[in-house]
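For reference, the structure is listed below as structure tokens.
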Amino acid sequence: MTQSFDIVIVGGGLVGASLACRLSASAFSVALIEGQTPPDDPYEWDQRIYAISRGSRRYLQDCGAWQRLDASRCQPVNQMQIFGDERSELVFDADNAHLSELAIILESRHLQKAIWEGLPGHDKFTLIQPARPVSIHYEQDRAVLALDNQQTLSARLIVGADGARSWVRQQIQSAKGRADQPKPYGQKGVVANFDTEKSHQGIAWQWFQADGSILAWLPLPGNRMSMVWSAQDPLADELCQLAPEQLAQRVAEAGGYRLGKLTPITPAVGFPLRALVLPDLVGQRLALVGDAAHLVHPLAGQGVNLGFQDARDLADLLLKSPSVDPGSPSFLQRYERNRRFDILAMDGVTKNLHRLFNASGAAPKWLRNVGLNLTNRVPAVKQALIRQALG
Ligand SMILES: Cc1cc2nc3c(=O)[nH]c(=O)nc-3n(C[C@H](O)[C@H](O)[C@H](O)COP(=O)(O)OP(=O)(O)OC[C@H]3O[C@@H](n4cnc5c(N)ncnc54)[C@H](O)[C@@H]3O)c2cc1C
């Protein structure tokens, strides 16, 4: 028997699950399909850390997830110090910008748990887990999904929130005869957490290194920090293979021992970095959000924030139009128009910074270092950058 819904969300990661929470305030019936079973211990320290912008925070408050976070595992960032490869420097300061903080640092698993605990309990919401769609076809004004657990669902709109290897994206592309694939940067983001000898005082650091790699230290509650080292594959693989104490020593040295001695609290994990911006965010009764829709370099720490903005915009449009057909071409075009500029802007900024800091030769070196110093001296440009990053 086919179960019918207004909206089916495929993928219960941060973006898809938050969208399901936000839509509980709407008149639409919603199903969420997640392919994996939940982790055994969601409380363990997670290497995967996010800098959540103020815009994402407001959205997560609207979803009811922010209120469920454990405040003792959230760390405000008061200042961000960025260094080029030739003594250039750019500092963003929350006080100078009249803000309580620049961002909040959170563990991915902690946020995931807070979002999942808020999944609606009413009869207009259905969670299907573990399950994955295997085929799609269309009947009049509905898309029909067959799942690998033999269930069949029909919906007026299917939202692909199924991450970087999105199945829903593949359906849009094959219908349009396209095959855009995520493009590897040839880099990995190596992440690990450390206890620190000195207090970080709520400061986040980022170093654009002479070898083209980018090292970020993000403050965690207490004397702890999380590093994301975006490095070419050979260096990233070397870092991941180091013994934990050797890695701690290497990371401390690369950051000029700003936090004194480091002690490892999680093993290092390397995530392959890829770029993807699609010509189409929508297809026949299909829409994409989060990493399914775009992949950006983590150097700006904005990937999940961009995904939350997709979900927020889609939810806002649906909440404002309770009687709309959510899969109609006119509605999907409105969603796509709303998102196009932000996604292209973030993709442009991260790709150009990545190119500039990876280019060898005197001219790019001069440009990137003078650029950082100049930006640092022009308050109006700094304010504009902060506004953009705050979402
Ligand atoms: C090293 C690194 C560091 C990063 N740091 C930051 C940062 O500091 N700040 C930031 O904002 N972003 C950061 N990002 C980006 C961020 O991790 C992603 O943007 C974010 O996780 C995307 O969330 P999502 O919900 O769209 O996708 P995902 O988290 O990938 O979730 C997709 C979900 O869909 C499920 N799924 C997949 N396929 C199917 C299917 N066929 N059927 C059913 N379910 C399915 C999966 O099990 C998963 O639960 C970083 C990324 C990397 C690699």
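What to note about this one:
- Flag for ASP211 being in the same structural domain as GLN249 (by TED's automatic domain parsing), in contact with a Ser or Thr (Cβ under 6 Å, 6 or more places away or on another chain) and among the charged types (D, E, K, R): no
- Listed by first and then second residue, the pairs linking a residue in segment 143-165 that is over 12 Å from ALA31 (Cα atoms) to a residue that is open to solvent by 10 Å² or more (accessible area, probe 1.4 Å) and acidic (Asp, Glu), with Cβ atoms under 8 Å apart and 6 or more places separating them unless they lie on different chains, are GLY163/ASP291; ALA164/ASP291.
- Test for ASP342: is it modelled with pLDDT under 95 and of a type in the set (Asp, Glu): yes
- Pick from segment 97-107, criterion in contact (Cβ under 8 Å) with a residue 60 or more places away in the chain and either on the phi > 0 side of the Ramachandran plot or open to solvent by 20 Å² or more (accessible area, probe 1.4 Å) (or both), ranking: farthest from the ligand (Cβ to nearest atom): LEU99
- Pairs with Cβ under 6 Å, 6+ apart, first in segment 331-355 and open to solvent by less than 30 Å² (accessible area, probe 1.4 Å), second of a type in the set (Val, Ile, Thr): PHE331/VAL324; LEU332/VAL282; MET346/VAL296; ASP347/VAL277; ASP347/VAL296; THR350/VAL296
- Every condition in (1) assigned by TED's automatic domain parsing to the domain that holds CYS63; (2) open to solvent by 40 Å² or more (accessible area, probe 1.4 Å); (3) under 24 Å from MET80 (Cβ atoms) holds for PRO298 except the one numbered (1).
- Failed criterion for PHE125 (all others in (1) farther than 27 Å from HIS297 by Cα; (2) buried (at least 18 other Cβ atoms within 10 Å of the Cβ); (3) within 16 Å of the ligand (Cβ to nearest atom) hold): (3)
- Condition met for VAL304 (open to solvent by 20 Å² or more (accessible area, probe 1.4 Å), more than 16 Å from the ligand (Cβ to nearest atom) and either at pLDDT 95 or above or outside any loop (DSSP other than H, G, I, E, B) (or both)): no
- Here is the figure for segment 146-174: residues that are over 22 Å from PRO184 (Cβ atoms), near the ligand (Cβ under 10 Å from one of its atoms) and assigned to a strand (DSSP E or B) total 1.
- Residue in segment 336-359 that is away from the ligand (no atom under 16 Å from the Cβ) and within 24 Å of TRP66 (Cα to Cα) present: no
- Residue in segment 74-84 that is within 24 Å of the chain's Cα centre (by Cα) and part of a loop (DSSP other than H, G, I, E, B) present: yes
- The C-beta contact set for segment 240-265 (first residue without any contact (Cβ under 8 Å) to a residue 24 or more places away in the chain, second residue assigned to a helix (DSSP H, G or I), distance under 8 angstrom, 6+ apart or interchain) comprises ARG250/LEU239.
- Of all residues in segment 151-172, at least one satisfies being modelled with pLDDT under 95 and among the small types (Gly, Ala, Ser).
- Matching option when the condition is modelled with pLDDT of 95 or more and closer than 17 Å to ILE105 by Cα, among ARG258, ARG224: ARG224
- Within segment 44-68, restricting attention to residues that are free of Cβ contacts under 8 Å to residues at least 60 places away in the same chain and away from the ligand (no atom under 16 Å from the Cβ), the residue that is least open to solvent (accessible area, probe 1.4 Å) is GLY64.
The values are calculated or read from the model by the stated rules, or taken from the named source; none is laboratory data. In this text, all values refer to a predicted model and were calculated from it rather than measured experimentally. When we count neighbours, we look across all protein chains shown, and the Cβ atoms used for this are built from the backbone with ideal geometry, even at glycine. Accessible surface areas use protein heavy atoms only, side chains included; no ligands, DNA or RNA. Shrake-Rupley method; radii C 1.70, N 1.55, O 1.52, S 1.80 Å.
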